[in-house]
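Below: one structure, written as structure tokens.
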Amino acid sequence: MSAIITSSIHSAAKVITDGGVVICPSEGVYGISCSLFNETAIKRVIAIKERDISKGLIIVDHYLACLKEYLNEELIDENVHSLMQRMWPGPHTFVLPVKASFKSSALRDNHTVAVRITNFIHLAQLCKDSKVPLISTSANISGLPATSDLSSLDERLLDRVDLILDLPCGGQSAPTSIYDTLAHKLVRKGPAWKDND
């Protein structure tokens, strides 16, 4: 294994800002992350996971304002804004439309992107220290199980990333909620999503 193993969020953030790829804890399982603004790194993440590029990836940050300039606000109505304000930061993912001018391999085929504004302390701090929105996808080969146990990570992944952030995951036992803002539909209900929302 060639990856650095560290508990330093600062060190992980430096690898990300330098264009690298890291494995880091998230709310429920370990994830693979890199900068949203480094296309080479994003393509590495997709290759590391052996993932279909058309599926898109999740973008994570600690504060929605960091992403607003890339979102197509004209297609996001007031009800959705209100819902996001109530549910974020938290373990909820919203599928949002992005501006046509924004190009990224993280986008889905319909020019939308899945966004989560996290309140998980380690991941939020990594976003802050990196000073960029992060790509986030579970640390597993596509089709195989994800894990919250660092020692259970697929050895193939350990050889393909630059750094492993050795800090615990957030203990969430189920995947995050996913809400499609264009269809106004809850695609997947996760922890802390209230039925009346």
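Observations, loosely collected:
- Extension gain for K128 to S11 (0.36 nm times residue separation, less C-alpha to C-alpha distance): 40.8 nm.
- Full extension of the chain between N119 and A192 gives 25.0 nm of extra length, using 0.36 nm per residue less the Cα-Cα distance.
- Fully extending the segment from Q85 to A174, taken as 0.36 nm per residue of separation minus the present Cα-Cα distance, adds 29.8 nm.
- When volume of the Cα convex hull per residue in Å³ is computed from the coordinates, the matching label among [x] 140; [y] 208; [z] 107 is [z].
- In degrees, nearest ten, helix 39-49 long axis to first principal axis of the chain (Cα): 70 degrees
- Cross-linked pairs K49/K128; K68/K189; K68/K128: Cα-Cα separations exceed 22 Å for K49/K128; K68/K189.
- Simple spin-label estimate for K43 and S2 in nanometres, 7 Å along Cα-Cβ: 1.8 nm
- Cα long-axis angle, helix 78-87 against the chain (0 to 90 degrees, to the nearest 10): 40 degrees
- Translational diffusion coefficient (Stokes-Einstein; Kirkwood radius from C-alpha pairs) of segment 34-73 at 20 °C, 1.002 mPa s, in µm²/s: 185 µm²/s
- Rounded tilt (10° steps) of 121-130 against the dominant C-alpha axis of the chain: 80 degrees
- Across the chain, the relative contact order, built from alpha-carbon pairs under 8 Å that are at least six residues apart, equals 36 percent.
- In nm, spacing of pseudo-spin labels at H111 and K185 (7 Å Cα→C-beta vector): 2.1 nm
- Net charge, I59 excluded, C-beta distance under 12 Å - Lys, Arg +1, Asp, Glu -1: +1
- Candidates L96, L144, L57: whichever shows maximal mean-square fluctuation once the chain is modelled as a Gaussian network with Cα springs under 10 Å: L144
Each reported figure results from applying straightforward, stated rules to the coordinates on display, with no laboratory input. What you see is a predicted model, and the numbers here were worked out from it, not measured in a lab. With ideal geometry, Cβ positions are generated from the backbone for all residues, glycine too; neighbour counts draw on all protein chains shown.
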